[in-house]
Amino acid sequence: AKGNFGMNNAHHFKVAIIGGGPAGIGVAVGLAKRGVGSVVLIERRNEIGGTPMGYPKKSGGVPTFVEWTRGRVVFGQELVGRMIQRLAKTDTAIRLNMQVTKIDPAEKRLTLLGPEGVCEVTADAVVLAAGAREQTPAEKGWLAGARTSRISFTRHLTGWLERHGLLPASKPVVIGSDLIAYSAAAKLREGGSDEPLMIDRRHRPSSGLFERLFFRRWTRPDWSGGVKDAEIKGERSFVGIESIDGHEWSGDGVMVCGELVPNTELALLGGLAVELPSRQLQLARGQGLSQPGWFAAGNVLGGFHGAQWCYFNGRRVARAVSHFL
Ligand SMILES: Cc1cc2nc3c(=O)[nH]c(=O)nc-3n(C[C@H](O)[C@H](O)[C@H](O)COP(=O)(O)OP(=O)(O)OC[C@H]3O[C@@H](n4cnc5c(N)ncnc54)[C@H](O)[C@@H]3O)c2cc1C
């Protein structure tokens, strides 16, 4: 059954899953395989699939999602498309355009905000699969200075370049050096930019050698590691970055990439145990949270995990949830 709830109605499910990315889909598919019925998957966007949906298949494009089970690298939408096909074979109730804004862990009650207003959902078990987001310049700590225009994040790059074919910078500076940063550099190059400058406070890139070799087909970023206390320069528009020891890097746009922060605000506000300042959830066995009947799956666990890992992690959490029930 698809479609949204009416206003002011209370609804009860056996399991409520917060977030319809690879992890949430994995939980739903795993529960269906175990015969657990009455499951709702709640997603704030207007489509299921999560972060990989921003990466459509494009001829000549740069595929950046590893599909381990087939031993190849594909586009995000291809990978998650296969997960969605599996989800479609289940009886999971899907609620789109519904953001969970509040949780009551003891009552297992969720408050949802959607286009038709606010409603509540209760469940016997809840899985938090809300994913992660990139650190902001403020969260990076070592990156200070003005908040000029032309500072953007990977999701903006994805929107401009992947969805609209617009190149956000022709002389880009990429901040960060993980897989997300390298894939951004590759996409900028492929979109026609100069070879990006890549800056990080780490001395060596945080992505592995194989990942860097993979991206050499598209990019060999001009790397500067070990940058401490850098400042963003520019009055209104970005013109460059200057480090405390006087190094300068100029460009016409900066991409702040990677280093994910788990989306654990709901858990924190609801009083579930969350470590600060890392915002990591405190985990019990089977990826349970500090309140019985609450679980977490996927990138909300912290760190960087690929989309297929998150899907199978969701499948594993489904097992713990069905044992709990
Ligand atoms: C910017 C970025 C770029 C990435 N690039 C790559 C890449 O190139 N290659 C690769 O392999 N991996 C990449 N990843 C990692 C990959 O996207 C993840 O491994 C995977 O998508 C994580 O799955 P998930 O289900 O845990 O989270 P997500 O895919 O993020 O899904 C979480 C879902 O929860 C929803 N949600 C969150 N909060 C709420 C709420 N309160 N109420 C309702 N819904 C909510 C979100 O809208 C989202 O749809 C990237 C991640 C990020 C953040």
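The values are calculated or read from the model by the stated rules, or taken from the named source; none is laboratory data. In this text, all values refer to a predicted model and were calculated from it rather than measured experimentally. Cβ placement follows ideal geometry from the backbone for every residue including glycine, while neighbour counts extend to all protein chains displayed. Note: areas computed on protein heavy atoms with side chains; ligands, DNA, RNA excluded. Shrake-Rupley method; radii C 1.70, N 1.55, O 1.52, S 1.80 Å.
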Legend entry - region 168-192 - residue that is out of contact with any strand residue (DSSP E or B) (no Cβ under 9 Å at 6 or more places or on another chain) and not in a helix (DSSP H, G or I) and, of those, least open to solvent (accessible area, probe 1.4 Å): G191
Inset, instruction - State whether one or more residues within region 240-258 are surrounded by fewer than 17 Cβ atoms within 10 Å (Cβ to Cβ), aromatic (F, W, Y) and at negative phi. - result: no
Inset, instruction - Check whether at least one residue in region 37-45 is away from the ligand (no atom under 12 Å from the Cβ), among the small types (G, A, S) and in a loop (DSSP other than H, G, I, E, B), and report yes or no. - result: yes
Legend entry - Exclusive hit being under 25 Å from T264 (Cβ atoms), acidic (D, E) and outside the structural domain of R189 (by TED's automatic domain parsing), set E43, E67: E43
Legend entry - Number of the condition not met by F295 [criteria: (1) more than 12 Å from the ligand (Cβ to nearest atom); (2) open to solvent by 40 Å² or more (accessible area, probe 1.4 Å)]: (2)
Inset, instruction - Can you confirm whether region 219-239 contains a residue that is in the same structural domain as S149 (by TED's automatic domain parsing), outside any loop (DSSP other than H, G, I, E, B) and under 23 Å from T51 (Cα atoms)? - result: no
Inset, instruction - Would you mention how many residues in region 49-61 are open to solvent by less than 20 Å² (accessible area, probe 1.4 Å) and near the ligand (Cβ under 9 Å from one of its atoms)? - result: 4
Inset, instruction - With the checklist (1) hydroxyl-bearing (S, T, Y); (2) away from the ligand (no atom under 11 Å from the Cβ); (3) open to solvent by less than 30 Å² (accessible area, probe 1.4 Å); (4) under 30 Å from D104 (Cα atoms) in hand, flag the one item S278 doesn't pass. - result: (3)
Inset, instruction - Tell me, yes or no, whether region 222-230 has at least one residue that is open to solvent by 40 Å² or more (accessible area, probe 1.4 Å) and modelled with pLDDT of 95 or more. - result: yes
Inset, instruction - Would you please list the contacts, defined by Cβ atoms under 6 Å and residues six or more apart or on different chains, that run from a residue in region 136-164 that is crowded, with 18+ Cβ neighbours inside 10 Å to a residue that is among the hydrophobic types (A, V, I, L, M, F, W, C) and part of a helix (DSSP H, G or I)? - result: T154/I180; T154/A184; L157/A184
Legend entry - Identity of the residue in region 84-112, out of contact with any strand residue (DSSP E or B) (no Cβ under 6 Å at 6 or more places or on another chain), open to solvent by 60 Å² or more (accessible area, probe 1.4 Å) and farther than 13 Å from G271 by Cα, that ends up nearest to the ligand (Cβ to nearest atom): R86
Inset, instruction - Considering every residue within region 260-275, establish whether at least one is more than 14 Å from the ligand (Cβ to nearest atom), open to solvent by 40 Å² or more (accessible area, probe 1.4 Å) and either without any contact (Cβ under 8 Å) to a residue 40 or more places away in the chain or of a type in the set (S, T, N, Q) (or both). - result: yes
